[in-house]
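Enquirer: I'd like to ask some things about the structure below.
The values are calculated or read from the model by the stated rules, or taken from the named source; none is laboratory data. These numbers come from a predicted model, not from an experiment. No Cβ is skipped: glycine too gets one built from the backbone with ideal geometry, and neighbour counts run over all protein chains shown. Accessible surface is based on the protein model in full, side chains and every heavy atom, while ligands, DNA and RNA are left aside. Shrake-Rupley method; radii C 1.70, N 1.55, O 1.52, S 1.80 Å.
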Amino acid sequence: MSETEPKKRGFLSRLFGREEEQAKPAPEPVAEQPAESTAEPTPEAEAVPPPAEVEPPVPEPQAEPEPAEAALSAPEPEPEPLPPAPVVQPKRSWWRRLTEGLSRTSSALTTGITDLFTKRKLDAGTLEDLEDILIQADLGLATSARIAKAVGEGRYDKQIEPAEVKAILAREVETILCPVALPLAIDAAKKPFVVLMVGVNGSGKTTTIGKLAAKFRAEGKSVMLAAGDTFRAAAIEQLRVWGERAGAEVVYGQQGADASGLAFEALQKAKANGTDVLLVDTAGRLQNKQGLMDELAKVVRVIRKQDESAPHAALLVLDATVGQNAISQVEAFRETAGVTGLVMTKLDGTARGGILVALAAQFGLPVHFIGVGESVEDLEPFSARDFARAVAGLGEAA
Ligand SMILES: Nc1nc2c(ncn2[C@@H]2O[C@H](COP(=O)(O)OP(=O)(O)OP(=O)(O)O)[C@@H](O)[C@H]2O)c(=O)[nH]1
Ligand SMILES: [Mg+2]
């Protein structure tokens, strides 16, 4: 046996000992952000909103493993390299969150376009296929036809690169969205500026209120929340958690209390306090349930009794995953609650993000915000150019 044997054995067992140690799964960092939900939310998921600030989990440095027994007889080992410094990911920019959120919509479009236009001349058949791709992404019949026409103009029987088609798509989508991409302007002369949130069950009303409350607070505004969803105790609790996090007072009543009475009381209180913004939550309701829609109309009437100009904004929160159903939601809530603007949520959970373009083309209602996740930073003012470039799979505008 050579002199190097023990050394070798020592090294190997040390190596294996270490490998065994490394093979053990490192303790999972505690996930601070709940998994994104695309399915119907559970009451529990609704009750506890995600933390306001999501920092990437920092992995615990792994403890140095004990050397295996045989290694003790080995000569002085090489000094162990220091464990690598934990990598702290910088916060993702909004552009990254937007493109990642819209990736299902954009890949449905861009994969289809690339397959269709690679090494093919443009003819009526290709344009029809393009229209089908756009319709499937929920852009709507009229918009899809418009985009296909724009692609066809002056290019018949010529070869067209997929990149050119994507650029035309982005240009047309931006043109349609530009007039509706309007910020939610808070009139400081209205104290409070009353924002009523309406929409079907689970569309994201309460979460959006929480996110908006945090935004307005960050701008130095005082904010009050009214827990107008008096149906479920969990809904009241959910809003209270958001309110506490944002530093906004929450006016709430007993479960089962009259929603319009609560809105009235909250408005009175906000007026007395000189609050800048009052955000009024409401229970989710299907647009075809007349009794519930009448109740919503009553909330609006009661608010108006106290301030004729209120609510100053009635925001319809739409879940992008519902696709074309959003159209009848807009029609019904516009009629009942005098919707002044839209917020579209859950663009991260769907390939149907094109619905926003169809809504813009059909109704022309302002789109104030879009949501691409559950966390407080996943809601941003709507930008036509960013959205158009993201769905067409193009890079960030210069
Ligand atoms: N992935 C994703 N989830 C979202 C988004 N916005 C809200 N959600 C989630 O959707 C679920 C429902 O949100 P809520 O805010 O409770 O919806 P709601 O409209 O108040 O629901 P009801 O009060 O039952 O009508 C929650 O789990 C939210 O975290 C979003 O932009 N993306
Ligand atoms: Mg709610």
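Enquirer: Ignoring ligands, DNA and RNA, how do Arg301, Arg97 rank by accessible area with a 1.4 Å probe, largest first?
Expert: Arg301, Arg97
Enquirer: Tell me the label-point distance for the pair Ala167, Ala189, using the 7 Å Cα-to-Cβ offset, in nm and rounded to one decimal.
Expert: About 4.6 nm, to one decimal.
Enquirer: Amide H to amide H under 5 Å from Glu249: which residues, 5+ apart in sequence or cross-chain, H placed 1.01 Å off N in plane?
Expert: Val223, Leu225
Enquirer: May I pose another question? Would you grab the residues whose amide H sits under 5 Å from the one on Asp319? Only those 5+ places off in sequence or on another chain, please, with H modelled 1.01 Å from N.
Expert: Close amide H contacts, sequence-distant or interchain: Thr345.
Enquirer: State the Cα centre-to-centre distance between the stretch 167-222 and the stretch 258-335 in whole Å.
Expert: Their Cα centres are 15 Å away from one another.
Enquirer: Counting only heavy atoms of the protein chains, get the accessible area per residue of the stretch 320-398 (1.4 Å probe) and round it to a whole Å² value.
Expert: With the other protein chains kept in place, the stretch 320-398 gives 30 Å² per residue.
Enquirer: A further question on this structure: Relative to the compact-globule scaling 2.2 N^0.38 Å, provide the ratio for the alpha-carbon radius of gyration of the stretch 306-360.
Expert: Normalised Cα radius of gyration, the stretch 306-360: 1.24.
Enquirer: Then there is this: What do you get for GluC sites (Glu not before Pro) in the stretch 304-347 restricted to DSSP loop and a cutoff of at most 10 other Cβ within 10 Å of the site's Cβ?
Expert: Glu308
Enquirer: Considering every pair of different Cα atoms, what Kirkwood radius, in Å, is found for the stretch 193-345?
Expert: Here the Kirkwood hydrodynamic radius works out to 15.1 Å.
Enquirer: Per residue of the stretch 257-267, in order, report the coupling 6.51 cos²θ - 1.76 cosθ + 1.60 (Karplus, θ = phi - 60°) as ³J(HN,Hα) in whole Hz, putting x for Gly and Pro.
Expert: 5, 6, 5, 5, x, 5, 4, 4, 4, 5, 5
Enquirer: So which GluC sites (Glu not before Pro) in the stretch 189-283 end up in coil per DSSP with only 14 or fewer other C-beta atoms within 10 Å?
Expert: For GluC sites (Glu not before Pro) across the stretch 189-283 that sit outside H, G, I, E and B with at most 14 neighbouring Cβ atoms in 10 Å, the list reads Glu219.
Enquirer: I want the local charge near Ala332. Using Cβ-Cβ distances under 14 Å, sum +1 for each Lys or Arg and -1 for each Asp or Glu among the other residues.
Expert: -1
Enquirer: Any of Lys191/Lys221; Lys121/Lys166; Lys205/Lys305; Lys221/Lys305; Lys211/Lys346; Lys205/Lys346 with alpha carbons more than 20 Å apart? Name them for me.
Expert: Violating the 20 Å limit, Cα to Cα: Lys205/Lys305; Lys221/Lys305.
Enquirer: For Glu100 and Ala233 in the same chain, what is the full-extension length gain: residue separation times 0.36 nm, less their Cα-Cα distance, in nm?
Expert: Extra length available between Glu100 and Ala233 comes to 44.5 nm.
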